[in-house]
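Below is one structure, written out as structure tokens; comments come after it.
Quick note: the coordinates plus some simple rules give every number you see, no bench work behind them. No experiment lies behind these values; they were computed from the predicted model shown. Cβ sites come from the backbone with ideal geometry, for glycine too, and all protein chains shown count toward neighbours.
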Amino acid sequence: MVTYTLNTADLERLTARLLARRHALAAQRHIHLGGQSRTEHAHEVLQQDGDDAPQRAADREVDLMLTDQEEVELGAIDAALERLAEGRYGLCEDCGENIPLQRLELTPQVQHCVGCQAVRERGRLRCTSL
Ligand SMILES: [Zn+2]
């Protein structure tokens, strides 16, 4: 059994940062989508025509890409908040070891220790180079 190294003050600080980041991302995403839902947004891209349509479509494309990244980050933050609620926050999802506080301070939603993260990234690189 791994001894949990985060104390209440650490957890409270990191929770506040996760919630603040979540709030900022949600607001940002709202701006990128112009207040539309994802489906409406994609629909509008398809409906565009006229001379500047390619440019507008490209702009929309960038917006949607940004939104995808935001979506991924939001998902990671939600997962982190869930782990907080379950008392597993700050433990590596793969090996179960404590993720160093320094690493959590840098990226509060991080799910893996440096070692496991490196293994995952090597795995991904191998997959995409095939
Ligand atoms: Zn690990």
Efficiency of FRET from Cβ geometry, Ala26 and Asp94, R₀ 25 Å, rounded to 0.05: 0.30
Virtual spin-label span in nm between Gln55 and Tyr4, 7 Å along Cα→Cβ: 5.6 nm
Radius 12 Å from Cβ of Ala118, net charge of other residues (Lys, Arg +1; Asp, Glu -1): +1
Efficiency of FRET from Cβ geometry, Leu66 and Val114, R₀ 30 Å, rounded to 0.05: 0.60
